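Notes follow once the structure below has been shown.
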């Protein structure tokens with residue numbers, strides 16, 4: 001995960017109010033329950049000195065779509081100038097709701113959840129239409145399933161080809177091909193727009209064979225490089241799939257989520273091992289801070305479940321030098337490490353400080 005998107009938050013004027021709201025089961029009383037939960041956190045922030053403008057910005061964020069906030073969870077950051085972050089997030093786990101007022105913004109839990117999950121744009125497609133859905137996976141579960149967006153191609157001709165030969169049928173086949181191509185271009189544009197909004201890690205394409213092959217061939221390069229094809233899903237965009245087809249898609253999605261998250265963790269851990277062997281890695285909060293002062297931090301590494309010493313300060317320092325953040329499986333000092341852009345003389349900095 002690149003920290004550049006969060007740099008403006010770390011560089012905004014402090015102090016910050018950071019709010020985590022835990023996801024809860026859907027309920028007819030969701031709005032009322034959220035109101036009570038938020039009021040308790042709001043009182044904590046007010047007692048800690050949060051400005052009225054900060055609280056007003058958070059009020060608007062919580063109440064604008066209370067059912068979604070209640071069921072999806074949320075991380076919010078605001079200062080006196082207004083709202084700085086509003087993202088679906090269930091990073092509190094068993095700790096429940098939490099609100100912190102101070103400096104820097106407390107984004108460690110949000111970043112850790114984002115780093116250990118795969119955000120996917122799932123496209124179920126045939127040659128006429130598609131359904132788009134946002135999914136968030138970990139190695140063991142689906143954290144979030146967004147609402148479906150249905151896309152209809154604009155072609156007026158049928159995409160079904162006649163089987164007989166002859167010139168007349170060849171022209172009909174050509175028109176069917178042109179209709180399918182137009183529909184897929186329309187669907188591709190909607191996929192591109194959705195990807196711009198959702199910023200997925202991967203695009204997962206499933207559905208009828210010809211439709212998904214056409215779509216994969218039309219995707220822009222940046223999305224094609226992140227695309228994964230599933231073999232299941234025929235009939236879903238047309239609402240003609242049976243329960244077996246739907247179950248097959250879910251099974252393939254779960255398998256893909258496990259594979260992608262495990263591969264990511266393995267890759268990061270191997271990168272750290274290689275960098276450490278070549279003198280381009282450091283461990284522990286103090287050495288990471290020194291490396292960040294030199295602009296040498298390429299990737300800040302955090303443990304999966306353990307908070308690092310001075311974690312939010314380390315994240316701010318890494319964001320200031322346009323570093324990324326990832327999770328590492330190896331035991332590291334202070335639960336934090338960093339892969340460096342180059343071999344940095346952090347030991348000399350320590351010697352100079354001592355002198």
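All conditions in (1) in a helix (DSSP H, G or I); (2) touching a helix residue (DSSP H, G or I) at 6+ places or on another chain (Cβ under 9 Å); (3) surrounded by 15 or more Cβ atoms within 10 Å (Cβ to Cβ) hold for residue 237, with the sole exception of (1).
With respect to (1) touching a helix residue (DSSP H, G or I) at 6+ places or on another chain (Cβ under 9 Å); (2) crowded, with 21+ Cβ neighbours inside 10 Å, the lone exception for residue 322 is condition (2). If you go through the range 1-51 and keep only what is surrounded by fewer than 14 Cβ atoms within 10 Å (Cβ to Cβ) and closer than 30 Å to residue 320 by Cβ, you end up with 2, 4, 5, 8, 11, 13, 14, 48, 49. Among the residues of the range 273-296, none qualifies, meaning not one is closer than 16 Å to residue 116 by Cβ, touching a residue at least 40 places away in the same chain (Cβ under 8 Å) and surrounded by 17 or more Cβ atoms within 10 Å (Cβ to Cβ). Would you confirm, using the coordinates I've provided, whether residue 186 is in contact with a helix residue (DSSP H, G or I) (Cβ under 6 Å, 6 or more places away or on another chain), at pLDDT 85 or above, farther than 22 Å from residue 70 by Cα and not assigned by TED's automatic domain parsing to the domain that holds residue 319? Answer is no for this residue. Where strands (runs of 3 or more DSSP E) fall wholly inside the range 57-103, the ranges with 3 or more residues that are over 22 Å from the mean Cα position of the chain (by Cα) are 98-102.
For the range 133-153, the criterion of being assigned to a loop (DSSP other than H, G, I, E, B), surrounded by fewer than 20 Cβ atoms within 10 Å (Cβ to Cβ), in contact with a strand residue (DSSP E or B) (Cβ under 6 Å, 6 or more places away or on another chain) and modelled with pLDDT of 90 or more is met by no residue. Checking 317, 344 one by one, the residue that is within 16 Å of residue 107 (Cβ to Cβ) and buried (at least 22 other Cβ atoms within 10 Å of the Cβ) is 317 and no other.
Filtering 195, 206 for residues that are in contact (Cβ under 8 Å) with a residue 24 or more places away in the chain, closer than 13 Å to residue 131 by Cβ, under 24 Å from the mean Cα position of the chain (by Cα) and in the same structural domain as residue 153 (by TED's automatic domain parsing) leaves a single hit, 206.
For the residues 271, 197, 212, the requirement of being within 22 Å of residue 148 (Cβ to Cβ), out of contact with any helix residue (DSSP H, G or I) (no Cβ under 9 Å at 6 or more places or on another chain), at pLDDT 90 or above and assigned to a helix (DSSP H, G or I) singles out 212.
Going through the range 40-77 one residue at a time, which ones are closer than 14 Å to residue 30 by Cβ and touching a residue at least 60 places away in the same chain (Cβ under 8 Å)? Correct list: 72 only. Against the criterion of being surrounded by 18 or more Cβ atoms within 10 Å (Cβ to Cβ) and at pLDDT below 90, residue 257 qualifies.
The values are calculated or read from the model by the stated rules, or taken from the named source; none is laboratory data. Note that this is a predicted model, so its numbers are computed, not measured. Don't worry about glycine lacking a Cβ; one is built from the backbone with ideal geometry, like all the others, and counts go over all protein chains shown.
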